[in-house]
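First up is the structure itself, then whatever we jot down about it.
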Amino acid sequence: MSKTFSARLQEALLQALSATDFAADLPEGFAPKVDQAQNRQFGDYQTNAAMMLAKPLKKNPREVAAQIIEKFEPADLCDEPTMAGPGFINFTLKEDALAGELLRILADESHHGVATVEDPKTVVLDFSAPNVAKPMHVGHIRSTIIGDSLGRIARFLGHRTITDNHIGDWGTQFGMILWGWKNLLDEDALAEKPVEELLRIYREVNARTKEDEALRETCKSELVALQAGDEENLKIWETCVDVSKQGLQGIYDRLDVSFDHWLGESFYNDRLAPLVDDLLDQKIAEESDGAICVFFPETKGLEDKPAIIRKADGGFLYATTDLATIDYRLNEWKADAVWYVVGAPQQLHFDQIFKISEKRGQSADLEFIPFGSILGKDRKMLRTRSGDTVQLADVLDEAVERAAKVVIEKNPDLEPSEQQAVAEVIGIGAVKYAELSQYRLTDYIFDWDNMLALKGNTAPYLLNAYVRTRAIFRKLGEDYTVLETAVFEEQAEKDLALKLAQFAETVPQVLVDFKPNTLANYLYELAMAYHRFWEACPVLRVEGDLRATRLALCEQTGRTLRTGLGLLGIRTTEFM
RNA sequence: GCGCCCGUAGCUCAGCUGGAUAGAGCAACGGACUUCUAAUCCGUAGGUCCCGUGUUCGAAUCACGGCGGGCGUGCCA
C-alpha cells in the first residue's frame, strides 16, 4: 500500500537532508515534520525543518532551507519546493500526483487509502456503563458516543477491539430498590413500563431515606441480605437487572451502539475477596483503621491519597471491582490495552488503580480517556439524583421530532414512514455529532437548542453533502463505474481531491490523543469542500474525462463521508 | 490546603506534540435559486486568545505565578 502525501514528502525530505553538507551533523533521530499547509497561498504542505535545524547546526535558517531545497528531488510528487518567510519550505503537489492519488483511493473501496496499523493490539474498550435500574440520562451520552466511536475507529485501523459494557448492576442502590420493590411496587405499571416503574420506586425510596434514618438502615440490611445470597432478594435483583438491560438495549438500538460483552460489576463478585488477599500477601495492600488500603508514598500527588479496597465492615468498593476487571481482561482476553471512557471527575480513581496494576507487575497500556461534564443552567453538574435530570430517551425523541419537522417541510411528498426514517437518521446524528465535534474535555451547559441544532456545523450539514453526492448518481441513472484519466479544471476540484486524500492522514490521528473531534472537523471541512465544488463545477452537463473526474470526486466524497460518519457512529441517508 | 480540568468574536465552540495575517457556526447586514437537493454558496462586520513573567528567531500553544469557573480529595459509584 502506498503512503499518504505527508509521509511521502517526509521521506523525500529525509533523502534531501542526507544529501546536504550538514548531513553528518544532524541531531540523532531527527524526524522532520511535514504538515498540511494552513493557508493555500503557502501551497499544500509545509515543513519547518530548516528552522528546527538552524540552531543545532549554527546556521542561518534560510541557508539551511536553501540547501534542502537544492537537494530535494520531488520526483513526480510536487513542484520545486519554495522557501518563504523565516525559513519555511512549502510544497505544492503536482496535478498528476493528485490525480493518481484519487485513482488509488477509489480503488481502495473499504479503507479509502487509510493504512491499517502495523502492530495490531488487543484493545478493550470500557464505556457507557450505566447503572442498572436507572434509565440513562444526558450525562451518559458522552461516554456512550465517544466510546463507541473510538471502538469503531480502532477496529477500522486493524486493532482487535473488544467492547465491554461494565454496567453497575451491584451497587448500594440495590438496597433501596429491594425495599421499594417489596413495599411500593405497582405490578401493573411494572408490566406496562418496567423501566419507568423501577425508576419511580428508586426515586421514591431515595427521597424517603433523606428524611428517614430508620429506613436507611432497613435498606442497608436488604443490601446485606442480597450480598449474603438471600434467595428472595437475589430473585428480585435478577429481575431488575433483566428488565433494565432490556430498557438499555432499546436506547442502544436507537443509537446504533452495540457491545461484545456486558460484564457488569456483579460478574466479579467472587473474585474480590481472593484479590484482596493476594494484594495483602504481596504486601501491596495493608490494614489501616480496619480497612484494607493501598498507599502510594512514592507517587507524587498520591502520597496522602490511599485507595481503599475493602471497607472496615468487610464490603468491597468499586476500586476492588475495577482491579478484578483488569485481571479478567488481561488474563482471559489477553488485552494489550484497556481504554476507559469515563468522566473527568474520576481521574484520581484511575490514577490509583493504574498504579496498583503497575505494582502488581501488569504492563498493559491502561488509558483513562476522560470527558468534561454536562452542567445545568446553574453551572453545576447535572446530578443523577436530583430527580429531574433530562433523560437520554427524551433527548433523542425531541431530536427526531425537530428533524421530522424540517424533513416534512422540505419533502412534503415523501411517504410518512420514509419521512420518519430520515428524521431518525438526522435527529440521532445531530445529537451524536454535537458531542463528537467538540473537544471531549470541554464542559458545557445543557441546552436543547445547542444539542439539537440542525444548522451550521452539524450532522445535517454533512448529511446534506452526502445526499448531494447520491442525487447526482440518481439523476445519472447509473452507479459509478471506473475512472481512467483524471483531469482538473477548477481549483475547487483540486481542493476536494486533496481533502479526500487527507482522510488517510486524519483517521490514525484520532487515536493519538483519543479525539474523535479531529475526524468530525475533517469531515466538516470535506463537506465544505464538496459544497464549494458543487457550486462551481457542474457534473452532468460536462463531457468526457472532465465529467468522469467529477463523477469520481462525487463518488469518493460520498464514500468518505459514509465511512467517516460511520466511524463516528452516524448513519447516512440517501435523501433528506 | 493539595490535585485534575476549563478560560479564544455578543453566543456556542475549533485550533494547543511552538510556526507565517488566530478559524468555523449561530445571531446581524448585503448578494446568488427557469440550474445535478438553497438543510447550500459568496461577501461585510465582529478579537487585550483571562492577567503577568519567563523560555525561544518565533507563544493562543511550553514553564512558573496569579485570577475566575467546575470537579475531586480514607470507608458511594
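The values are calculated or read from the model by the stated rules, or taken from the named source; none is laboratory data. This structure is a prediction, so every number in the text was calculated from the model and none was measured. Here the Cβ is made from the backbone with ideal geometry for all residues, glycine too, and neighbour counts use every protein chain on show. Note: areas computed on protein heavy atoms with side chains; ligands, DNA, RNA excluded. Shrake-Rupley method; radii C 1.70, N 1.55, O 1.52, S 1.80 Å.
Per-structure values
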read-out: Links that overshoot a 27 Å alpha carbon limit, given the list A:Lys311/A:Lys334; A:Lys3/A:Lys59; A:Lys475/A:Lys499; value: A:Lys311/A:Lys334; A:Lys3/A:Lys59
read-out: More than 18 angstrom apart: percent of Cα pairs within region A:5-93; value: 34 percent
read-out: Rounded to 10°, Cα long-axis angle of helix A:318-332 versus longest principal axis of chain A; value: 60 degrees
read-out: Accessible surface of chain A, 1.4 Å probe, proportion on carbon and sulfur as whole %; value: 47 percent
read-out: 0 to 90° range, to nearest 10: angle between helix A:95-107 axis and chain A longest Cα axis; value: 40 degrees
read-out: Under the Karplus curve 6.51 cos²θ - 1.76 cosθ + 1.60, θ = phi - 60°, whole-Hz ³J(HN,Hα) for region A:518-530, x wherever Gly or Pro sits; value: 4, 6, 4, 5, 4, 5, 5, 5, 5, 4, 5, 4, 5
read-out: Amide hydrogen neighbours beyond the local backbone of A:Ser288, cut-off 5 Å, H modeled; value: A:Cys293
read-out: Dimensionless Rg over Rh [region A:173-255; C-alpha; Kirkwood]; value: 1.00
read-out: Total charge dipole magnitude, chain A, about the Cα centre, Cβ charges on Lys, Arg, Asp, Glu only, Debye to nearest 20; value: 1280 debye
read-out: Per residue, in Å², the accessible surface of chain A once ligands and nucleic acids are set aside, probe 1.4 Å; value: 47 Å²
read-out: Estimated dipole of region A:408-468 in Debye, rounded to 20 [Cβ of Lys and Arg +1, of Asp and Glu -1, Cα centre]; value: 300 debye
read-out: Size descriptor, Kirkwood hydrodynamic radius, that averages inverse alpha-carbon separations across chain A, Å; value: 27.2 Å
read-out: Cα-based Rg of region A:55-110 normalised by 2.2 N^0.38 Å, two decimals; value: 1.54
read-out: Cα point-scatterer Debye curve for region A:313-358, base-10 log of I(q)/I(0) at q = 0.32 Å⁻¹; value: -1.27
read-out: Distance histogram for region A:392-567 (every C-alpha pair counted, 5 angstrom bins, percent rounded to whole numbers); value: 1, 8, 16, 18, 18, 15, 12, 8, 3, 1, 0
read-out: Normalised contact order of region A:333-423, rounded percent, pairs of Cα under 8 Å and 6 or more residues apart; value: 24 percent
read-out: Net dipole in debye of region A:229-302 [+1 Lys, Arg Cβ; -1 Asp, Glu Cβ; about Cα centre; nearest 20]; value: 360 debye
read-out: Reduced Cα scattering model of region A:107-163, Debye log10 I(q)/I(0), q = 0.13, 0.17, 0.18, 0.28 Å⁻¹; value: -0.44, -0.64, -0.69, -1.08
read-out: Helix-only CD estimate at 222 nm, as mean residue ellipticity for chain A, using -39500 (n - 2.57) per DSSP H run (n ≥ 4); value: -17500 deg cm²/dmol
read-out: Amide H within-cut-off set for A:Ala129, under 5 Å, with H built and near neighbours excluded; value: A:His166
read-out: A:Thr161 long-range amide H proximity, modeled H, under 5 Å; value: A:Val123
